[in-house]
1. Output yes when any residue across the stretch 200-207 is of a type in the set (A, V, I, L, M, F, W, C) and in a strand (DSSP E or B), and no when none is.
2. Scan the stretch 214-226 and tell me whether some residue there is out of contact with any Phe, Trp or Tyr (no Cβ under 7 Å at 6 or more places or on another chain) and of a type in the set (Gly, Ala, Ser).
3. Going by what's in this entry, would Ile184 be described as assigned to a helix (DSSP H, G or I) and within 21 Å of the chain's Cα centre (by Cα)?
4. Within the stretch 111-139, how many residues are acidic (Asp, Glu) and either open to solvent by less than 70 Å² (accessible area, probe 1.4 Å) or not in a helix (DSSP H, G or I) (or both)?
5. Could you check the stretch 65-86 and list, in sequence order, the residues that are within 28 Å of Leu48 (Cα to Cα), open to solvent by less than 70 Å² (accessible area, probe 1.4 Å) and not small (Gly, Ala, Ser)?
6. With respect to Gln142, is the statement that it is open to solvent by 70 Å² or more (accessible area, probe 1.4 Å), in contact with a helix residue (DSSP H, G or I) (Cβ under 9 Å, 6 or more places away or on another chain) and at pLDDT below 90 true?
7. Of these, Asp210, Asp239, which one is crowded, with 17+ Cβ neighbours inside 10 Å and among the acidic types (Asp, Glu)?
8. Out of all the residues in the stretch 90-107, which are within 16 Å of Arg159 (Cβ to Cβ) and either open to solvent by 90 Å² or more (accessible area, probe 1.4 Å) or touching a Ser or Thr at 6+ places or on another chain (Cβ under 7 Å) (or both)?
Amino acid sequence: MKTQINILTIATSAIFMVACGSRNTDFDACGQINATEITVSAENNGRLTDLSLKEGDKLMKGEHVGTIDSLQTYLKKEELIKRKESTIIKKVDIKCQMEAQYAKLENLNTDLRRFQDLLAKDAGTQKQVDDLKSEIAILKGQIAAAEQNYRQNNDEIDREINTLDVQIAQTQDMLDKCRIKSPIAGTVLSKYAEEGELVTTGKPLFKIADMDDLYVKAYFTTEQLAALKLGDKVTVIPDDGTNTPRTYEGTVGWISDEAEFTPKNIQTKNERADLVYATKIYVENDGYLRLGMYAYVKIK
């Protein structure tokens, strides 16, 4: 039984040694090198007509890397555009439609002025003037009613056009989402779909990460945090398996506001510490740092 306990103790110690390298290295904390990873998913349903990327490819932000079949969406957009053109034709040119009534009203007003002049000279009758005024009032009412009907008709057509504009914008958005683009500049870590596959909205297509700006997620005790603040420079030493590893300057970019129990695969300077605070130490990658690599952190 004692032998089994000794074997278990040795095995546990070996795990910590592998996780964070030699205990003889002078360090304050240890963690893994990570990157901000983004999983790009399909934003539309259809067949992948193209996905021209492979793991390890370096992409630019906004670079087009694939296409989802969009023929039906394109045809729907064209149909909506034609419907909009047909609807616009239905709009009424009120001035053109009412030209005859405007001309008639102008003639009546001219006649009214002439008969008023005649009446003033006792060459006309009051009845003639009154009849013209009544006819003018009736015509003005007819013009106002016709104009209102035409405006209401045009307003209804405008609302229909606005609805079609929204539908066209929606289909254009769907078309845009059929074009697969890289959201950031980075390196393709994983590819989850192949050309010819039928995909649905939300299906992961590939994973990408910015490998130029990496960070070490390290854990410090309360006592160690007393010497750290955001923006501080620290020394990062990756565990690359050599006796003389490279050193990098890191920047403290994030400190958790909640303590947690020390993760089992992470070693701290004081291994007996139960509660620690997670931090992110950002470091510029020169090409030698890899995701998942363990690294020591030394407070300057």
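The values are calculated or read from the model by the stated rules, or taken from the named source; none is laboratory data. Since the model is a prediction, treat every value here as computed from it, not as a measurement. Don't worry about glycine lacking a Cβ; one is built from the backbone with ideal geometry, like all the others, and counts go over all protein chains shown. We work out accessible area using only protein heavy atoms, side chains counted, and drop any ligands, DNA or RNA first. Shrake-Rupley method; radii C 1.70, N 1.55, O 1.52, S 1.80 Å.
1. Within the stretch 200-207 (the criterion being of a type in the set (A, V, I, L, M, F, W, C) and in a strand (DSSP E or B)), the answer is yes, since at least one residue qualifies.
2. Yes: one or more hits.
3. no
4. The total comes to 2.
5. Val65, Thr67, Ile68, Thr73, Lys77, Glu78, Leu80, Ile81, listed by residue number.
6. no
7. Within the list Asp210, Asp239, the selection yields Asp239.
8. Of everything in the stretch 90-107, just one residue is within 16 Å of Arg159 (Cβ to Cβ) and either open to solvent by 90 Å² or more (accessible area, probe 1.4 Å) or touching a Ser or Thr at 6+ places or on another chain (Cβ under 7 Å) (or both), namely Lys90.
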